[in-house]
Amino acid sequence: MPLAHVMAAQDLRLDVNALDYAILALYFLVVLGIGFAARRAVRTSLDFFLSGRALPAWITGLAFVSANLGATEILGMAANGAQYGLMTVHYYWIGAVPAMVFLGIVMMPFYYRSKVHSVPEFMRRRFNGATQLFNASTFAIAQILIAGINLYALALIMESLLGWPLWLSIVVSAAIVLAYITLGGLSSAIYNEVMQFFVIVAGLVPIVVLGLIRVGGFSGLGEKVRQSVLGDGGLQTWAHTAGTDNPLNANWIGIVFGLGFVLSFGYWTTNFAEVQRALSARNTNAARLTPIVAAYPKLVIPVVTVIPGLVALVLFNNIGKNGGPTYNQAIPLLMDTFLPNGVLGIAVTGLLASFMAGMAANISGFNTVFTYDIWKSHIQGDRPDEWYVRLGRIATVVGVLGGIGTAFIAAGFNNIMNYLQSLFSFFNAPLFATFIIGLFWRRMTAWAGFWGLASGTAAAFASYILFKAGVVDFGTELNASFWGAGIAFVVDAVVSVVVTLVTTPKPEAELRGLVYGLSDASIADDALAGDAAWYRSPVVLGAGAVVLAAAFYLPFI
């Protein structure tokens, strides 16, 4: 087979055999087994929704990164690698690690020690019930939409590679996720996510290794990318960002402020699907370490996502073009090209695991927020604890069914990561503005929280609509999400300040433990033996992760 060749999307089909299906079946059995084992530990709503707050940092840390390493991450970032080149690493080194460290060092003590079940509950205590309900409603919608992306991504794989009908791929996979979350709640999701992290890596490493061998190693890949449509810009990260003459059509302001600050901090510090993993840790120090432990594997994940995208770009010269495969099919194309039976089963299982990890995070976040922040807080709050556990299980079913419906929205996007980043600019960017201002400015009032959040969300939607209508030109979908996030943040901040100046703030007694500088003396110290050691210090480990992220940029500036 020649190095660069043409493949039609409809030609993509893997020759799986009994060994590959046996590996898949074994994986399904292990996942369900973990669900049944976790069910025995579910006695209260705290057990179901937050694992009884009893897990060590290494477990919650791996679950934290695995929950993000869903099918959208793997297929989407590989798609971005093929479409935008090495500029995709901005999503990791400036667009993830600094925010994860900030979450661990600064924000987790407020989340964890306030004993809240969710981010919207924290918003109620800091602001008011209206802010909680708005945040909970938009979060619930976002999780259903993102669950649909994960479902579509998996269906794309199963339909293309195994020949399964779209409906069968969706139903079988959704049923497995539904079963183990309904059985064991968050503990089941977290322990499966830890296993899934290793399965995902095991499935992707052979693709990377065999792909690099085919193109002549890193040097051969670099030379062929320079000859591709991306040119030399495909191997650079900051070059030509003073303007927009780069594959991403983005300047450094959009990358640093829109992605590195607003989108990144908005996602990692306020997205309850991630924060929930840290809230399940056994004490405050373990909760702080959770995102920081996750930051270290996050640094090197581009090796198994971005590099395959670049390999697909140089191997399949019609990827992303009319009549050819979409960018979303970069990973499946490489699986079809390189992997023998057995290894193929591991790779398909890895992609299946990535889907389950991502969707489980969406659904476990959805069922908690729906149960506590919508139903219990605003509809019916006088039921016994067991009733809310049952409601959480019903919400899990509703969430999975909703994800099946929204999968068809995701099917309309050539690059699902573009769609995902747009959702983050709508829902996470304004929430981050409200949260961070309220955290550090005790004068900010309850209604400033509500109106700031509502106006920032509206501004993000307006920015996207104007871009799609051609009224404003941001170049690419991803750059539009950078600017939309920045606009949402600024609008939210301005409205919050204006409303604060004309409304009455809460008394300081109601803000203790919820804003910076007002500690709550009634909260007991929960430190464990050994927490004072330097290798358990969130500050030391967090600083190391940020330094490494900056150092990784040096060869690609």
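The values are calculated or read from the model by the stated rules, or taken from the named source; none is laboratory data. Treat the numbers as computed from the prediction; the structure is a model and nothing was measured. Reconstructed Cβ throughout: ideal geometry from the backbone, glycine too, with neighbour counts over all protein chains shown. All accessible areas refer to the heavy atoms of the entire protein, side chains included, with ligands and DNA or RNA removed. Shrake-Rupley method; radii C 1.70, N 1.55, O 1.52, S 1.80 Å.
For the reader, a short list of remarks on this structure follows.
- You will find that of ALA488, ALA454, ALA433, the residue that is farther than 23 Å from LEU103 by Cα and in a helix (DSSP H, G or I) is ALA454 and no other.
- Number of residues in the range 213-225 that are of a type outside the set (Ser, Thr, Tyr), open to solvent by 30 Å² or more (accessible area, probe 1.4 Å) and more than 18 Å from GLY320 (Cβ to Cβ) equals 5.
- Residue match in the range 115-123 (condition: basic (Lys, Arg), over 15 Å from the mean Cα position of the chain (by Cα), surrounded by 24 or more Cβ atoms within 10 Å (Cβ to Cβ) and modelled with pLDDT under 95): no
- Sub-8 Å Cβ pairs linking a first residue in the range 504-516 that is surrounded by 11 or more Cβ atoms within 10 Å (Cβ to Cβ) to a second residue that is of a type in the set (Asp, Glu), at least 6 apart or interchain, are ARG512/ASP520; GLY513/ASP520, ordered by first then second residue.
- The range 126-139, residues that are buried (at least 19 other Cβ atoms within 10 Å of the Cβ) and in a helix (DSSP H, G or I): ARG126, THR131, GLN132, PHE134, ASN135, ALA136, THR138, PHE139
- Restricting TYR516, TYR535 to those that are outside any loop (DSSP other than H, G, I, E, B) and of a type in the set (Ser, Thr, Tyr) reduces the list to TYR535.
- Taking the range 406-423 as the range and being modelled with pLDDT under 85, open to solvent by less than 60 Å² (accessible area, probe 1.4 Å) and either part of a helix (DSSP H, G or I) or of a type in the set (A, V, I, L, M) (or both) as the test, the residues that pass are ALA407, ALA410, ALA411, ILE416, MET417, ASN418, TYR419, LEU420, GLN421.
- The helices (runs of 4 or more DSSP H) falling completely within the range 19-90 that include 3 or more residues that are modelled with pLDDT of 85 or more and surrounded by 24 or more Cβ atoms within 10 Å (Cβ to Cβ) map to 57-68, 71-84.
- Selection over the range 339-374 of residues that are on the phi < 0 side of the Ramachandran plot and over 25 Å from the mean Cα position of the chain (by Cα) gives a count of 6.
- Residue list for the range 256-282, filter: among the charged types (D, E, K, R) and either surrounded by fewer than 24 Cβ atoms within 10 Å (Cβ to Cβ) or without any contact (Cβ under 8 Å) to a residue 12 or more places away in the chain (or both): ARG282
- In the condition set (1) open to solvent by 10 Å² or more (accessible area, probe 1.4 Å); (2) modelled with pLDDT of 90 or more, TRP164 is compliant with all but (2).
- Subset of the range 315-337 (residues that are over 18 Å from VAL229 (Cα atoms) and surrounded by fewer than 20 Cβ atoms within 10 Å (Cβ to Cβ)): ASP336, THR337
- Answer residue from the range 525-557, given it is of a type in the set (D, E, K, R) and more than 12 Å from ILE292 (Cβ to Cβ) and is most open to solvent (accessible area, probe 1.4 Å) among those: ASP525
- Hits in the range 387-398 - residues which are of a type outside the set (Val, Ile, Thr) and either on the phi > 0 side of the Ramachandran plot or touching a residue at least 12 places away in the same chain (Cβ under 8 Å) (or both): TYR388, LEU391, GLY392, ARG393, ALA395
- Every residue from the range 191-200 that is open to solvent by less than 50 Å² (accessible area, probe 1.4 Å) and not charged (D, E, K, R): ASN192, VAL194, MET195, GLN196, PHE197, VAL199, ILE200
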